[in-house]
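In what follows, a single structure is set out as C-alpha cells and then discussed.
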Amino acid sequence: MSESFARIMNQHAPWHLECVICGATYSGLELRYRCECSGTLDVIHDLSKCELTREELDRRLGSKNPLDKSGVWRFRELILPLPESILEQIAATRGEGSTHLYETPTLAEKIGLENLWLKHEGENPTGSFKDRGMTVGITLAKHIGMSAVACASTGNTSASMASYAALSGLNGIVFIPEGKIAFGKLSQALAYGAKTIQIEGDFDDAMALVQEVCDTEGIYLVNSINPFRIEGQKAIGFEILQDLDWEIPDWIVLPGGNLGNNTAISKGLLELYEVGIIDALPRLAVIQAEGANPLYTAWNSGEEMNPIKAETIASAIKIGSPVSWRKSMRGLNKLKGIVTEVSDNQIMDAKAMVDADGIGAEPASCATVAGIKRLVSEGIIKPNEKVVGVLTGHVLKDPKIVVSYHMNELPNINSKRANAPIRTSADIDEIRRVIRQ
Ligand code: F0G
C-alpha cells in the first residue's frame, strides 16, 4: 500500500461503500472491490444533501469549464462529489460523453415503432461507453495515489483504460483473451502504450486472473467490479434524459455482458428520481446474445446465476460469468425491467440495418436493436412507446467483421443485407455499365 494511499484512506469521503448481499458498509476510500462475504460493492451517496437541479445541469451545457464540458463530470454531484477544487486538479477527463442521441425514423418504421432514438456511445473519445466509467476509475486511482491500473477486457475496457492511464501518467496493464478481441480494440491498447497480456483463455479466465494479480501486486483494478466505474457510467442515463429535455422515455434498451452498464443506468436513474430531478422512471431491457446468456437464464428461472461457457460473434459480450449479475437483477427489478436474448444472425442483421442508416456500431451494440425488434414483435414493447436504444461501441472497432459480413464470408451467418464490393477492370465502359445496373 502506498504511503499516500494510507493517508487518503483515513480521509473522509462524502460517500460510503455497501455490500450488495449482506449490506455491510466500508469507508468510501477503502481499497476493496468485494465485501468480506464476497459480495460486490455499491457507492452510496448521501443524496439528502444534493441540491442539483435541471436548470443547473442545463446551464452547464453552455459552460467552458472542463468539468462541465464532460458528459460525466457535468453530473459530478451524483457521481464523485469531491470538492470542486480537488476535481479541477485531478479529474482525468478527455471530454467524454456528450454523445449524440439520434432520432431514427427509418429504422423505427422498419422495426414497427413510432419513436426510436439511438444514443451513440461509440462517439466517446476511445469509441465506447467505457470512457464514462474510466474517467472516474482513473480519477479515483490518482486520488488515492495508485501508480498502476489493470483490467481484463473483451477489448473496449482495455482501449479506454490504456488511453486514460496514459493521459494520467499511470502504468496500464491489460489482460485480454488471445485471438478473441476485435483488431481495432487491440490496436488501441498497444498504441496507447499499455502492457498487453494475451491470456490463453477467455474473458472469464482473464477476469479471474486480473483480480488475483491486482490483490497481490498493489495494482488498482478498473473493471466494472470497481464501483467507481459504475458511478461514471450512470451518466449515460442522465444524459439521455437531458437530451430528451427531461422527458422520460418508456424504455431504455442496452446489451448485457459483464452487466456493469445496465447496473449503472438503473442506479443512476433511481438516484435522479430520489433527488427529484425526474418524477417517473423508464423501463429497462437488457439484451444478451443467445450463446452468452447467463442473465437471461437466471432471470427466467428466478434463481441465482450459473456461469456458462460463452460463445457469440459479438465478442464484446462473450462473457459467461458476469461479475455484476446481482446488482443488474436488482436494478431490473426496480425498473420493471426485462431480459431477452437474440441470435448471432439477428445481431448481424440488426447491425446491417444500423450501419445502413449511416450511424453504424459494433456487433455487441446492435444486440440492442435486435432485442428491440424482438420485443416489439412479441408485443412487449408497444408501437407507440418511446424507446431509446444504447449503441455501446463504434463501427470501426471491428472492421473485419463488417467486410466479412458484406462478402458473405461469416460462418453460420446468412448475410441477407450484404453490400459486397463490385470488382471491375479499370475500363471506363465496364465501370459505366456497373453504375447503370
Ligand atoms: N457493448 C460493448 C461494445 C462492450 O464492449 C461491452 C462490454 C458491452 C456492450 C457490455 O457491457 O459488460 O457492462 O454489460 N465490454 C467489456 C470490455 C466487457 O471488456 O470491454 P457490460
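The values are calculated or read from the model by the stated rules, or taken from the named source; none is laboratory data. Being a predicted model, the structure only gives us computed values, none of them experimental. A quick note on method: Cβ atoms are made from the backbone with ideal geometry, for glycine too, and the neighbour counts reach across all protein chains shown. For the accessible areas, the whole protein counts, side chains as well, though only heavy atoms, and no ligand, DNA or RNA atoms are used. Shrake-Rupley method; radii C 1.70, N 1.55, O 1.52, S 1.80 Å.
When only C-alpha pairs under 8 Å and at least 6 residues apart count, what is the relative contact order of the chain, in percent? Before the final figure, lay out each step's value.
On the way: 893 pairs, mean separation 67.0, N = 437.
Relative contact order, the chain: 15 percent.
Roughly how far apart, in whole Å, are the Cα centres of the range 94-126 and the range 145-204?
Answer, in whole Å: 27.
Let me check against my output: what whole-number percent is the relative contact order of the range 232-384, with C-alpha pairs under 8 Å and at least 6 apart?
Working: 260 pairs, mean separation 38.0, N = 153.
Reported as a whole number, the value is 25 percent.
Projected onto the charge dipole of the chain (+1 at Lys/Arg Cβ, -1 at Asp/Glu Cβ, origin at the Cα centre), which of 151, 95, 308 gives the Cα projection farthest towards the positive end?
95
Which translational diffusion coefficient, to the nearest whole µm²/s, is obtained for the chain from the Stokes-Einstein equation, given a Kirkwood hydrodynamic radius over C-alpha pairs, 20 °C and 1.002 mPa s? Before the final figure, lay out each step's value.
Details: Rh = 22.0 Å.
For the chosen part, D equals 97 µm²/s.
What does the charge dipole of the chain about its Cα centre add up to, to the nearest 20 debye, if the Cβ of each Lys and Arg holds +1 and the Cβ of each Asp and Glu holds -1? Walk me through the numbers on the way to the answer.
Numbers: 44 positive and 55 negative charges, 103 e Å.
With Lys and Arg at +1 and Asp and Glu at -1, about 500 debye.
With the other protein chains left in place, how much accessible area per residue, in square angstrom, belongs to the chain at a 1.4 angstrom probe? Present the calculation step by step, with values, prior to reporting the outcome.
Numbers: 17890 Å² over 437 residues.
Spelled out: the 1.4 Å probe surface of the chain, per residue, equals 41 Å².
Among all the lysines, which ones have a C-alpha under 21 Å from residue 382's C-alpha, if same-chain residues fewer than 8 places away are not counted?
Those lysines meeting the cut-off are 110, 119, 334, 336, 373.
Okay, helix-only estimate at 222 nm for the chain: each DSSP H run of n ≥ 4 adds -39500 (n - 2.57), divide by all residues, round to 500 deg cm²/dmol; what do you get? All intermediate terms of the calculation are to be shown ahead of the outcome.
Numbers: 17 runs with 178 residues, N = 437.
Mean residue ellipticity, 222 nm, calculated: -12000 deg cm²/dmol.
With Cβ to Cβ distances under 14 Å as the rule, what net charge do the other residues near residue 344 carry (K, R +1; D, E -1)?
On the way: positive: 318, 351, 374, 416; negative: 290, 311, 341, 349, 362, 398.
So the surrounding residues net to -2.
Pick out which of 244, 269, 118 has the largest mean-square fluctuation in a Gaussian network model of the chain, springs linking Cα atoms closer than 10 Å.
244
Expressed as a whole percentage, what fraction of the accessible surface of the range 54-181 belongs to carbon and sulfur atoms when a 1.4 Å probe is rolled over the protein heavy atoms? Don't skip to the answer; put the middle values down first.
Values: 2030 of 4320 Å².
Using a 1.4 Å probe with all protein chains present, the range 54-181 comes out at 47 percent carbon and sulfur.
For the range 368-425, what relative contact order do you get, as a whole percent, if you take Cα pairs closer than 8 Å and at least 6 residues apart? Kindly include the intermediate steps, with their values, before the conclusion.
Numbers: 28 pairs, mean separation 12.0, N = 58.
Relative contact order of the range 368-425: 21 percent.
Put 220, 273, 102 in order of accessible area, largest first, 1.4 Å probe: what do you get?
Details: 220 5, 273 105, 102 70 Å².
If we order 220, 273, 102 from most to least accessible, we get 273, 102, 220.
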